[in-house]
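The values are calculated or read from the model by the stated rules, or taken from the named source; none is laboratory data. None of the values given here were measured: they were computed from a predicted structure. Glycine gets a Cβ as well: all are built from the backbone with ideal geometry, and neighbour counts include every protein chain shown. Just the protein is used for accessible areas: all its heavy atoms, side chains included, with ligands, DNA and RNA removed. Shrake-Rupley method; radii C 1.70, N 1.55, O 1.52, S 1.80 Å.
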Amino acid sequence: MGVDDVGGLGSDGVVARSMLGILSKRIGAAVVVALTMSLSTACAGGEPVESGASLHRGVSSDAARRSVTDVVDRTAAIVDGDWKVLSGPRLGLCPGSDGSGDAEDPGGVTWVYIAQRPGSDDPEDDLRRVEAFWQRLGITTKRYRSGGDDPDLGVSGRGGPVTSIDFLSSAEGGYSIDGGSPCADGDFGELATGTPSPAP
């Protein structure tokens, strides 16, 4: 696909921070709420997550990372264009985990991967292609749009090979794809630093 990396794991470059600032301003409140709800439910197969329940099902961290990277990259290839990696794959904690490793902590890690490119004057065809591709992968999709004379358009999804994914067409920020992996086995501290956690 030719996606250029400008903000990989642990990166805090000026360009990445600037682009992340643009992205955060243009994603509407409805999108943020939708992604948050997806992250809190889809790891448990779409059912509400019970307190203290294990959110990962024997999936390795590497497999989860590859899964979300593959879906985002293939989505970008369908739309084509000059895509740039905005963030990630970036390590995160599964919903309900604080990374402490305590007995009550369900643990587990996720990966978030975000790509961006200039938009299109008529994004409807791209939205249809993305939606159809995700549905073929077993991802449940939902269209959305913001208000105003020049609304942001998008399609969000959950399930299948990802926990949540979002394709946004914004008049100001262009196209973006934001994917979150399934919850996976792994120690956050160890994976983030590359250093094994001490034995209890």
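Worth pointing out:
- Share of carbon and sulfur in the accessible heavy-atom surface of segment 128-200 [1.4 Å probe, %]: 50
- Here the Karplus relation 6.51 cos²θ - 1.76 cosθ + 1.60, evaluated at θ = phi - 60°, turns the backbone of segment 144-161 into coupling constants of 8, 8, 8, x, x, 6, 10, x, 6, 10, x, 9, 10, x, 8, x, x, x Hz, with x for every Gly and Pro.
- Full-stretch length increase - TYR144, VAL59 - with 0.36 nm per residue and alpha-carbon distance subtracted: 27.5 nm
- Normalised alpha carbon radius of gyration of segment 125-200 [divisor 2.2 N^0.38 Å]: 1.51
- Segment 59-153 pair-distance distribution - Cα-Cα, 5 Å bins, rounded %: 2, 11, 16, 18, 19, 13, 9, 6, 3, 1, 0
- Here the contact order of segment 116-198, divided by its residue count and restricted to Cα pairs under 8 Å and six or more residues apart, works out to 25 percent.
- Label-to-label distance for GLU190 and ASP80 is 4.5 nm, based on points extended 7 Å past Cα in the beta-carbon direction.
- Amide hydrogen proximity for GLY119: with H placed 1.01 Å from N in the peptide plane, the residues at 5 or more positions away or on another chain lying under 5 Å are GLY174, TYR175.
- Per the Debye calculation on segment 58-97 with a single equal scatterer at every Cα and no solvent contribution, log₁₀ I(q)/I(0) for q = 0.34 Å⁻¹ amounts to -1.20.
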